[in-house]
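To start, the structure under review is shown below, and the notes come after it.
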Amino acid sequence: MMRENPADLLPELLVLGAAVMGLLAGSFLPRARQWIVGLLCAIGLAGGLVAAAFAARRTDLMTFDAFMLDPVTHVTRVVVLAATLLVIVLAMSPMRGHRRESEFYVLILLAALGTIALGATSDLLVLVAAYLLASIPGYALAGFGKDAPGTEAALKYFLMGAFLGILMLTGVTLLYGLGRGTSYEMLRAELGTAPDGAVTVGVVLLLAGLLFKAGAVPAHFWVPDVTEGAPPVVAAFVTTVPKIGAFAALYRFAAEALPPGAGDWPPLIAIIATATMTLGNLAAFAQDNVRRLLAYSTVSQAGYLLVPIAVAGRTDLAEPALLFYLAAYAVTNVGAFAVVIAVGRDDLAAYGALVRRSRLLAISLVICLLGLVGTPPAAVFVGKLLMFGAALDGRYAWLAVVAAVNSVASVFYYLRWIVPAFTGDAEQGRGLDRVAQWTACLAAAGSLALGVGSGVALTIG
């Protein structure tokens, strides 16, 4: 089915409305009351979540000839909105009284809106517009602290995004010429008769932009610098939310736009997945800064998330594996960053004997970090189980073995953070951020609940 009904885009319209209202309200509110903008944005996100939940019960359809409403879009909406809401809550305390507090919340919402569009679009032109909307607010957010590390992070983020975005535009142009259109349906029908070499070049160039958003090799160099240099709340956002839209867009492009065998897509993605998870883990081993450790952890997670994309169209397990893993990763990663924000320090030594300062926070840290490894009953465990099943069913057993080895290897650098929190010497530090502490507990509980209730979640999907 295809139709043009604005009500189909109600979740996106609620987020956009909250962003516009927040921008207008922030122009008139005094600095001491800018928190009201954050509240407006949180209400818009909560309303979008409710609307997205109701929309997920409808029959799949295409709206406005470019926006697909199907399980990929529904999960993208819910996960992006939920993760962004957690980030807004995390930002309430550190951003209170900031002279650009309202702009911060608005930029977060606009980037989230672009991320949703990135995962829902089935047209190359809308894909480019969504890429820009998801990226440009992120560049401003990276340098929001206006300090030297933040300025450097924002500059690297912008330059890499602009360069890889140009490559992506070149790929879109090439595929448009080869496929005689920009809709995925037309591309799938026409690219099968186009020259294989030209299609491969177009696909690789398109990958440049999407891999940048996903934080995957070789477009991952911005991740550690932005994660360390940007404000911690921004680091939590850019390492979580944009990935959701990027991987949804990659899956949709592979499943809907490319005819079977076009552009040598599966082996190319499999090689990138192997390099991403391996290099991410190797780089994380030497990190003493917890934010850089989490940055390289997100790079390795991008490698695991690429596995279902490599087998898209080869097995029915690819879609549920990717979508469940995205939800599991989002809640777990935000929880890990919430612990960092609660403690307020980036060096590993600051987490010594954390259990004496807050038992709940220490337990939340264990759940989130071991959850990222894939330890039961956390949600990522189920996501990895589905990912391994998809790789095996898609005849990529060697890729499943690589992912398993990397998962085991990642245990060691997470333990470098966990063990001191229970056995190390306590350091005198500032008080814990209570909002971030309870957000970390909520995220950890969400990860466990999603893991335990995975059967129900997958049945609903």
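The values are calculated or read from the model by the stated rules, or taken from the named source; none is laboratory data. These figures come from a predicted structure and were not determined experimentally. All Cβ positions, even for glycine, are placed from backbone atoms using ideal geometry, and neighbour counts span all protein chains on display. Quick note on the areas: whole protein, heavy atoms, side chains included, nothing else; ligands and nucleic acids left out. Shrake-Rupley method; radii C 1.70, N 1.55, O 1.52, S 1.80 Å.
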Notebook entry, point to check: Which is among the basic types (Lys, Arg) and within 26 Å of VAL366 (Cβ to Cβ), of ARG252, ARG292, ARG314?
Noted result: ARG292
Margin query: Tell me whether region 335-343 contains one or more residues that are over 26 Å from VAL75 (Cα atoms) and over 19 Å from the mean Cα position of the chain (by Cα).
Written below: yes
Notebook entry, point to check: Can you tell me which of LEU125, LEU86, LEU113, LEU118 is open to solvent by less than 10 Å² (accessible area, probe 1.4 Å) and either assigned to a loop (DSSP other than H, G, I, E, B) or not assigned by TED's automatic domain parsing to the domain that holds ARG345 (or both)?
Noted result: LEU118
Next item on the list: Read through the list (1) at pLDDT below 95; (2) over 22 Å from LEU458 (Cα atoms), then give the number of the only condition that SER300 fails.
Entry: (1)
Next item on the list: Working only within region 282-322, note down all residues that are crowded, with 21+ Cβ neighbours inside 10 Å, over 13 Å from ALA403 (Cβ atoms) and small (Gly, Ala, Ser).
Entry: ALA284, ALA295, SER297, ALA312, ALA318
Notebook entry, point to check: Of the residues that sit in region 367-419 and are touching a residue at least 40 places away in the same chain (Cβ under 8 Å) and assigned to a loop (DSSP other than H, G, I, E, B), which one is nearest to the chain's Cα centre (by Cα)?
Noted result: ALA378
Checklist line | So GLY202, is it surrounded by 20 or more Cβ atoms within 10 Å (Cβ to Cβ), within 30 Å of ALA336 (Cβ to Cβ), modelled with pLDDT under 95 and within 26 Å of the chain's Cα centre (by Cα) | finding: no
Next item on the list: Search region 139-163 for residues that are under 11 Å from THR227 (Cα atoms) and pair each with any residue that is β-branched (Val, Ile, Thr) and open to solvent by less than 50 Å² (accessible area, probe 1.4 Å) when their beta-carbon atoms are under 6 Å apart and the residues are at least 6 apart or on different chains.
Entry: ALA142/VAL226; ALA153/VAL226; TYR157/VAL226
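Only one residue in GLY171, GLY192, GLY177, GLY197 is in a helix (DSSP H, G or I), in the same structural domain as ARG96 (by TED's automatic domain parsing), among the small types (Gly, Ala, Ser) and open to solvent by less than 40 Å² (accessible area, probe 1.4 Å), so which one is that?
Numbers: GLY192 fails: open to solvent by less than 40 Å² (accessible area, probe 1.4 Å); GLY177 fails: open to solvent by less than 40 Å² (accessible area, probe 1.4 Å); GLY197 fails: open to solvent by less than 40 Å² (accessible area, probe 1.4 Å).
Every option except GLY171 fails the conditions.
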Next item on the list: Among what's in region 129-145 and is hydrophobic (A, V, I, L, M, F, W, C) and open to solvent by 40 Å² or more (accessible area, probe 1.4 Å), pick the residue that is nearest to ALA91 (Cα to Cα).
Entry: ALA140
Next item on the list: Kindly check whether there is at least one residue in region 24-34 that is in a helix (DSSP H, G or I), under 23 Å from ALA83 (Cβ atoms) and open to solvent by 20 Å² or more (accessible area, probe 1.4 Å).
Entry: no
Notebook entry, point to check: Going by the structure shown, is VAL355 assigned to a helix (DSSP H, G or I), among the β-branched types (Val, Ile, Thr) and open to solvent by 10 Å² or more (accessible area, probe 1.4 Å)?
Noted result: yes
Next item on the list: Could you grab me the full set of residues in region 362-411 that are closer than 27 Å to LEU432 by Cβ and open to solvent by 60 Å² or more (accessible area, probe 1.4 Å)?
Entry: ILE363, PRO377
